[in-house]
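Reviewing the structure listed below.
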Amino acid sequence: MAGYRLTHASQADIVTILTWSDEQFGEEARRRYEALIATAIRDAASQVHKVGRTARPELGDGVFSWHLGLSRTRSPGGIVHRPRHFLICRHEDDVVVVGRVLHDAMDLRRHVDPPHRWE
């Protein structure tokens, strides 16, 4: 498995998502979603799971998305029935950088700025 790195923006996204999940559905649901996010990050970084990646050339070279739904049966935290988020990632050397974690109804171009370096 390739290494991975989370940007500050993706970390903030995860905190926001998990806070909302806890407030709306409770602690147990938040834990399931947290485990699903962690599994999806590992899956997206894995060279084995290229099949689920969706290329996003409009967001820059090597950028791809990974929907959390692709990892839901592999998550050790239990099944999340309708995950609604996806990872926006790209390769930097041997590392997969997770730039954002976004709701699947969001407009990508409003939340990912291709020319800027992902911090």
Review point. In what sequence do H91, H81, H67 fall when counting other Cβ within 10 Å, fewest first?
Key: H81, H91, H67
Review point. Gain in length, A55 to E119, computed as 0.36 nm per residue apart minus the alpha-carbon separation, to one decimal in nm?
Key: 21.0 nm
Review point. For the pair Y4 and Q24, how long in nm is the line joining their label points, each one 7 Å along Cα→Cβ?
Key: 2.1
Study note, to complete from the structure: Taking placed amide H atoms and a strict 5 Å upper bound, the residues 5 or more places from R100 or on another chain that come that close are I88
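FYI, it's all coordinate maths here, none of it is from the lab. Owing to the predicted nature of the structure, the values given are computational and were not obtained by experimental measurement. In this analysis, Cβ positions are derived from the backbone assuming ideal geometry, glycine residues included, and neighbour counts consider all displayed protein chains.
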